[in-house]
Amino acid sequence: MSIRNKLLSVGFIATAAFILLLALMMLFQSQMSDLHRASELRESVHNSLLQLRRAEKDFLLRMDKSYAEKLDQQADVTKKRLEQLNALVDDKTSSQLIAQLESQVEGYSKNFERLVNAFEQRGLNENSGAYGALRSATHELEEAIDTAGRTELLVTLLQVRRSEKDFMLRFDDKYLGRVEGLLDELKKELSATPELASKVDAYRRDFDRYATRSKEIGLDEESGIKGEVRDVASNMEASLDQLDKQLSDLLQSRQATMKWVPVVVFAVIALIVIAMLVWVIRSINKPLNQLRKDMHKVQRSNDLTLSSEKFRDDELGDLVDSFNELLTYFRGVIQQINQSVETVNSLTQ
């Protein structure tokens, strides 16, 4: 390979290496940008989950279906943000946590929908669902007793209503037993009046329906559908905490990598370029030094029969060939001179 081609090769490799380093820096910068964007989306997901819980609490407090619709909309927004987050994060563990969180949001939305349906069946207000039917049955029973002139039974009915209100207020099973006992007592008193007894049965059915829906919903925060919703919400928060930690660790790891990888790559590139330059310099110096020694040897010995060794076919090889040809030419000239001298000497004798 010629010296020119060697130098061009060194330049080409150095240029390609620095382009590679630049591309690597741009890749790292893009990854860091994606991770910062992922961190912002993570905060958005956190806020979305808070909005989900807020809509849930607002619904439970006000019994307004508009908050249920708001929760559904917020669940869709949360899932879209999780999809965007998953597209940005190139990490298996983070993707698994995001998929788990998406599944939990879906489960939370479905459980909340079940909760809303159960509340609708029980009654979102005093005029709807099982609650509205129970109020109607109560009024009919009161009117029937009052019309029949059995005012002495109003005291028992009042105790039934009190236990009913205590159950609605505290959602404690013990009040269900009290209501059942008082209704049995009331029905016994009205056994001779089938019409009134049927009103008691109608009240019992509606109250049982209300109680069944209440148990389905959950008599406390840890039972029924409310307990399921709470468990899923707790799992969502735990998954989000894990995702927060994973993304934070990933961001720190990428930042650390971005600090040392370019330095290492630059050092490797520098070593390669230096090694190639040393190779080129040695490939020039060795034949040059040898040629210089051969020229000095010819100068000291005046021996034109000597020649210089050719190491390779490049510009320096051509120089060695030229030197050897010059020596050959000088030998020829000297031979001609010697012949001329001999001829002159022979003529003068």
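The values are calculated or read from the model by the stated rules, or taken from the named source; none is laboratory data. Predicted model only: the values in this text are computed from it and were never measured. Cβ sites come from the backbone with ideal geometry, for glycine too, and all protein chains shown count toward neighbours. Please note that ligands, DNA and RNA were not included when accessible areas were found on the heavy atoms of the full protein model with its side chains. Shrake-Rupley method; radii C 1.70, N 1.55, O 1.52, S 1.80 Å.
Remarks
- Note: relative contact order over the chain, using C-alpha pairs below 8 Å and six or more positions apart, is 20 percent.
- Efficiency of FRET between R292 and Q29 - r from beta-carbon atoms, R0 35 angstrom, step 0.05: 0.10
- Total formal charge among the other residues, if their Cβ is under 10 angstrom from that of R114, Lys/Arg +1 and Asp/Glu -1: -2
- Entry comment: accessible area of the chain is 60 Å² per residue, from protein heavy atoms only and a probe of 1.4 Å.
- Computed over Cα pairs, the Kirkwood radius of region 232-349 leads via Stokes-Einstein (1.306 mPa s, 10 °C) to a diffusion coefficient of 75 µm² per second.
- For the chain, the fraction of alpha-carbon pairs in successive 10 Å shells from zero, as %: 5, 15, 12, 10, 9, 8, 7, 6, 5, 5, 4, 4, 3, 2, 2, 1, 1, 0, 0
- Ordered from largest to smallest accessible area (heavy atoms of protein chains, 1.4 Å probe), the residues R282, R292 come out as R282, R292.
- Cβ-placed point charges (K, R +1; D, E -1), dipole of region 169-229 about Cα centre in debye, nearest 20: 200
- Surface listing: I217, I337 arranged by accessible area from highest to lowest gives I337, I217, probe 1.4 Å.
- In terms of its C-alpha gyration tensor, region 123-257 comes out prolate, because a/c is 1.5 or above and the ratio a/b outweighs b/c.
- Cross-link pairs beyond the 22 Å C-alpha cut-off, checked among K70/K92; K57/K110; K188/K215: K70/K92; K188/K215
- Dipole of the chain, positive direction: furthest Cα of T257, V10, F119, with charges on the beta-carbon: V10
- Here's the picture: charge each Lys and Arg Cβ at +1 and each Asp and Glu Cβ at -1 in region 292-349, and of V344, F330, S307 the one pushed furthest to the positive end of that dipole is V344.
- Calculated FRET efficiency for the pair N235/E195, C-beta based, R₀ 35 Å, to 0.05: 0.05
- Note on region 174-297: with charges restricted to the Cβ of Lys and Arg (+1) and Asp and Glu (-1), its dipole about the Cα centre is near 1800 debye.
- Using only side-chain charges placed at the Cβ, +1 for Lys and Arg and -1 for Asp and Glu, the dipole size of the chain relative to its Cα centre rounds to 1560 debye.
- Computed log₁₀ I(q)/I(0) - Debye formula, equal Cα scatterers, no solvent, region 100-189, q 0.11, 0.12, 0.19, 0.25 Å⁻¹: -0.45, -0.51, -0.94, -1.24
- Computing Rg and the Kirkwood Rh from the Cα coordinates of region 56-137 gives a ratio, Rg/Rh, of 1.20.
- Counted residue by residue at 0.36 nm each, then reduced by the alpha carbon distance between them, the extension gain from R162 to T93 reaches 19.2 nm.
- D (Stokes-Einstein, µm²/s), Kirkwood Cα radius, region 202-245, 1.306 mPa s at 10 °C: 132
- Share of carbon and sulfur in the accessible area of the chain stands at 53%, probe radius 1.4 Å.
- For G227, net neighbour charge (Lys/Arg +1, Asp/Glu -1) across residues whose Cβ lies under 9 Å away: -3
- Only aspartates and glutamates eight or more places from K226 in sequence, or on another chain, were considered; those with a Cα closer than 13 Å are E56, E113, E216.
- Charge dipole of region 1-109 about the Cα centre (unit charges at C-beta), most positive-ward option of L35, A55, Q84: L35
- Relative to the longest principal axis of the Cα atoms of the chain, the long axis of helix 3-62 makes an angle of roughly 10 degrees.
- In this simple spin-label model, placing a label point 7 Å from the Cα along the Cα-to-Cβ direction at both R205 and T151 gives a separation of 3.1 nm.
- The translational diffusion coefficient of region 15-91, from Stokes-Einstein at 37 °C and 0.692 mPa s with a Kirkwood hydrodynamic radius over alpha carbon pairs, comes to 222 µm²/s.
- The chain: angle of helix 315-348 to the longest principal axis, Cα-based, in degrees nearest 10: 0
- Kirkwood-based Rg to Rh ratio, region 1-156, C-alpha trace: 1.51
- Its Cα gyration tensor gives region 185-265 an equivalent ellipsoid; the semi-axes, largest first and in whole Å, are 67, 7, 4.
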